[in-house]
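Each remark here refers to the structure printed beneath this line.
Each value in this text was obtained by applying a stated rule to the coordinates, not by laboratory testing. None of the values given here were measured: they were computed from a predicted structure.
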Amino acid sequence: MDEIEQIYSGELYRPFLLYCERHHYKTMADLARCRFDQLAASEGLPPRLVSRIKTMFLMYVKQHTEAFLIDRRASRPAATQQKAQTTSNLEGELENFFKQNPDRLIRMPEVTKALSGKVKRSEVLDILERSDWCKVVDGTTFFYSSGC
């Protein structure tokens with residue numbers, strides 16, 4: 001990761017570099033915590049300079065996207081396994097509910113009510129959209145298909 005001083009090297013950026021030094025920002029990754037919108041008011045930097053600083057940071061992020069991505073799988077493996085187990089249980093509950101109502105259209109409020117609000121609507125929708133036993137009419141209406 002590049003040092004802030006390498007990117008903002010001109011004399012024009014000296015006040016910003018002092019600000020970074022006071023707040024212990026050393027690398028460009030540290031600037032992800034910087035509140036650019038408050039720089040002009042709190043540090044007395046000209047708004048045009050703040051705009052230029054922010055633009056340069058955003059361009060840097062676009063060029064080095066992989067350095068700013070967070071690998072969530074590596075940081076929480078136990079939570080991922082637990083979520084996968086919960087998802088499989090949820091999928092079983094959903095399939096049972098749909099098997100009990102094979103001859104009718106089922107709306108999302110009915111599904112969430114049957115699950116007693118245990119899970120988020122987005123999780124339910126994700127499972128229903130990728131299940132082979134469920135067919136989607138629109139984003140909120142579904143029906144059971146036995147695969148025949």
As a test of the formula, what do you get for the chain when each DSSP H run with n ≥ 4 contributes -39,500 (n - 2.57) and the sum is divided by the residue count, at 222 nm and rounded to the nearest 500 deg cm²/dmol?
-16000 deg cm²/dmol
Full extension from H64 to L17: what is 0.36 nm times the residue separation minus their Cα-Cα distance, to one decimal in nm?
14.8 nm
Taking K118 as the anchor, which lysines have their alpha carbon closer than 21 Å to its alpha carbon, excluding any fewer than eight residues away along the same chain?
K83, K99
If you take the alpha carbon radius of gyration of the stretch 4-68 and divide it by 2.2 N^0.38 Å, what ratio comes out, to two decimals?
1.03
Can you give the convex hull volume per residue for the Cα atoms of the chain, as a whole number of Å³?
188
On C-alpha positions alone, give me the angle between the axis of helix 77-100 and the longest principal axis of the chain, in degrees, nearest 10.
30
